[in-house]
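Structure record follows, encoded as C-alpha cells.
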2 protein chains.
Amino acid sequence: MVAEHIVTAYDEELQRVASTVSHMGGMAEAQLADAIRALKDRDVDLAQEVIQKDDEIDRLEEDINEMCIRVLALRQPMALDLREIVAALKISSDVERIADYATNAAKRAIILSRTPPVKPLKTIPRMAMIAQEMIKDVLDAFLERDSDKAVAVWLRDSDVDDMYTSLFRELLTYMMEDPRNISPCTHLLFVAKNIERIGDHATNIAETIHFLVKGTRLRDALPPDVDRPHHMGEGGNFDDWL
Amino acid sequence: MVAEHIVTAYDEELQRVASTVSHMGGMAEAQLADAIRALKDRDVDLAQEVIQKDDEIDRLEEDINEMCIRVLALRQPMALDLREIVAALKISSDVERIADYATNAAKRAIILSRTPPVKPLKTIPRMAMIAQEMIKDVLDAFLERDSDKAVAVWLRDSDVDDMYTSLFRELLTYMMEDPRNISPCTHLLFVAKNIERIGDHATNIAETIHFLVKGTRLRDALPPDVDRPHHMGEGGNFDDWL
C-alpha cells in the first residue's frame, strides 16, 4: 500500500510538471495575441498588461525548473520519465523566450501608438496569427504526446520565414520612400523579427516533443530533401533580401 | 576497489560534461570575434567559415544534452552534482544561442561587404568587444566556480545595453540623412541587436553559475536598488529611443 501511494504521488508530480508547462504555454500564446492586438488597436493599456504579465511567466519557468530538480533528486526517474523531465526543462525555456518576444512587441506597440500609422502594420497580424497557431498546435502536440502533430508544426515554420522576408523588403521600401517612416518601420521590423523568432522557438518545442515521444532526433528522422528550418530566420536565402 | 572505480568514472563523466561546456563556450566566443572581424575587414571567406562552424556548435550542445541524460539515468546524482548537470544543460543552451547570433552577424557581414561602408561600423566592434569579454569572464567564472566573478559579468550587461541604445539612435539618424544608408544600416541594426542579445545570454549564464555555486537565485540575492538587466535589451527605458 505504501509503495503504491508513493508511485501515485510521483505520477502526480510528473503530471503537475506537464500541466504547468501547458499552462505557461497557453499564457505565452495569449501574450502574443494581446501584444499584436495592442499594436493593431494602439491600445497602450493592453500593451502595459502584457509587459507586466511577463514576470509571472518568468516565475513559472523558475517553478518548473525547481519542480524538475526536485523530481530528479527525490525520484531518480529512468527512461521515459527522465525524458519527460528534460523535455519540460527545454520546453519551458522556449516558452519563456516566446513570452519575452511578445513582451518586446508590446513595448514597441506603445512606441508605435505615438507615431503615424504605416501600411505594413496590416501584414504583421497575419504573420502573428500563423505563429500563434504554431504555438497552439505544438502545445496540443505536447498534451497529446503526438509527434506527427509536432512535425507538422515544424514544417510550417518556413511560412513564417517567407512572410518575414517579404515584410523585410516591404518595410525597407517604405523607409526609402519617406524618412518619416524610418522610425516606425524600424520598430515594425523588430516586431516582425520577434514573430519570426517565436516561430523558431515553436519548432524547437516540436523537436523536443519528437525526442520525448520517439526518443530520437527529429532532424535525423526526416528525409534529406526536407527543407530544415533555420534558427535566425534568414538561413540560406540571405542573398535575396539585401 | 570496485566502488572506488565507479566513483572515479562518475567524476570523470561530470568533468567531461563541464569541459565540453567550456570548450563549446570558447568556440562561441571565437565565433563572435571572427564574425565581427569579418564585418570590419569585409572578409567574406572568414564569414563563411563562421557560418559553417555553427553546425559543430549545435552538435556539441546535443552531445552535452546526451551526456547529461546519460549521467542522470545511470548515476542518479544528488544535490550539488545534480545542480552541475542542470547548469550544464542551461549553459550549453545559452552558448548555442550566442553562437547563433554570431552566425547571424557573419551572414550580415557578407551582405554588408557588398554595400558602401557606413560610419557606425566603428562602434559595433567596441560593443562586440565588451560582449566578448563578458563571455570570456563568465566562462572563467564557470571553470573556477566563482560566483562573484559571475555577478560582475551580470552587472556589466547594462554597458552593452547603453551602447546599443546610442547606436540605435545613431543608425536611425544615418538612415534619415540618406536613403542609400537604409539597407546597410538596417543590417547593422540587427548586428547590434545580436550583440546586445549575446550580452543577455552571458547574464543568463552568470545567473546559472550563481545558482550552481550558491544554490540560490541571483535575482533574490541582490539588494533591491541594483539595476537588474532586462531580457530584450530596451527594458525600462524604451521611452527615450523613439
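The values are calculated or read from the model by the stated rules, or taken from the named source; none is laboratory data. Remember, predicted model here, so these are calculated numbers, not experimental data. Cβ coordinates were reconstructed from backbone atoms using ideal geometry, including for glycine residues, and neighbour counts include every protein chain displayed. The accessibility values were calculated without ligands, DNA or RNA, using every heavy atom of the protein model including side chains. Shrake-Rupley method; radii C 1.70, N 1.55, O 1.52, S 1.80 Å.
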Practice item. Sorted from largest down, give the three principal axis spans of the alpha carbons of the stretch B:146-222, whole angstrom values. Key: 53, 17, 16
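Over 23 Å between Cα atoms: which of A:Lys53/B:Lys107; A:Lys53/A:Lys122; B:Lys40/B:Lys119; A:Lys193/B:Lys122; A:Lys122/A:Lys193; A:Lys90/A:Lys122 fall into that group?
Values: A:Lys53/B:Lys107 35 Å; A:Lys53/A:Lys122 26 Å; B:Lys40/B:Lys119 11 Å; A:Lys193/B:Lys122 25 Å; A:Lys122/A:Lys193 15 Å; A:Lys90/A:Lys122 33 Å.
Where the Cα-Cα span goes over 23 Å, the pairs concerned are A:Lys53/B:Lys107; A:Lys53/A:Lys122; A:Lys193/B:Lys122; A:Lys90/A:Lys122.
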Practice item. Let me know the charge dipole size of chain A about its Cα centre in debye, to the nearest 20, where only the beta-carbon of Lys, Arg (+1) and Asp, Glu (-1) is charged. Key: 540 debye
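Please compute the volume of the convex hull spanned by the alpha-carbon atoms of the stretch B:103-164 and report it per residue in Å³. Mind dumping the intermediate values first?
Numbers: hull volume 5.0 nm³, N = 62.
For the stretch B:103-164, the hull spanned by Cα atoms encloses 80 Å³ per residue.
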Study note, to complete from the structure: Hull surface over four for the Cα convex hull of the stretch B:89-217, reported in nm², is 7.6 nm²
Point to revise | Neighbour net charge for B:Tyr10 - beta-carbon separation under 9 angstrom, K R +1, D E -1 | key: -3
Review point. Which percent of Cα-Cα pairs in the stretch A:29-103 sits in each 10 Å bin, short to long?
Key: 20, 37, 23, 14, 5, 0
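Whole number in Å², please: accessible area per residue of chain B, 1.4 Å probe, ligands, DNA and RNA not counted. It would help to have the intermediate numbers written out before the result.
Details: 10060 Å² over 242 residues.
That works out to 42 Å² per residue.
Run the accessible area of the stretch B:133-211 with a 1.4 Å probe and give the carbon-and-sulfur part as a rounded percent.
Result for the stretch B:133-211: 53 percent of the exposed heavy-atom area is carbon or sulfur.
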Review point. Beyond 13 Å, what share of the Cα-Cα pairs of the stretch B:130-185 remains, rounded to the nearest whole percent?
Key: 65 percent
Revision key, fill the gap. One decimal, nm, nearest first: from B:Ala152 to the same residue in each other copy, label points 7 Å out along Cα→Cβ, the values are 5.4
Revision key, fill the gap. Here the correct list, in nm and shortest first, of distances from B:Asp55 to the same site in the other copies, label points 7 Å along Cα→Cβ, is 4.6
Study note, to complete from the structure: Between the residues B:Ala28, B:Val151, A:Ser183, the Cα farthest towards the positive end of the dipole of the protein assembly as shown, that dipole coming from +1 and -1 charges on the beta-carbon of Lys, Arg, Asp and Glu, is from A:Ser183
Point to revise | Sequence-separation-based contact order of the stretch B:1-141, relative, with Cα cut under 8 Å and 6+ spacing, percent | key: 41 percent
Check your understanding: When only C-alpha pairs under 8 Å and at least 6 residues apart count, what is the relative contact order of chain B, in percent?
Key -> 24 percent
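From the helices alone, meaning DSSP H stretches of at least four residues, give me the mean residue ellipticity at 222 nm for chain A, per-run term -39500 (n - 2.57), in deg cm²/dmol to the nearest 500. Before the final figure, lay out the partial values.
Working: 7 runs with 196 residues, N = 242.
Helix contribution divided over all residues of chain A: -29000 deg cm²/dmol.
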Check your understanding: Among the residues of chain A, which one places its Cβ closest to the rotation axis that maps chain A onto chain B, and what is that distance in whole Å?
Key -> A:Gln76, 2
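What fraction, in whole percent, of alpha-carbon pairs in the stretch A:72-121 exceed 17 Å separation?
Working: 714 of 1225 pairs.
Roughly 58 percent, once rounded to a whole number.
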Exercise for review: Taking a probe of 1.4 Å and counting only protein heavy atoms, give the total accessible area buried between chains A and B in Å², rounded to the nearest 100.
Suggested key: 4700 Å²
Check your understanding: Across all directions of projection, what mean area in square nanometres is found for the Cα convex hull of the protein assembly as shown?
Key -> 23.5 nm²
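Taking the convex hull of the Cα atoms, report for the stretch B:2-241 its projected area averaged over all directions, in nm².
Values: hull surface 55.5 nm².
Averaging across all directions leaves 13.9 nm² for the Cα convex hull.
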**Study point:** Dipole magnitude of the protein assembly as shown about its Cα centre (Cβ charges: Lys, Arg +1; Asp, Glu -1), debye to nearest 20
**Key:** 1040 debye
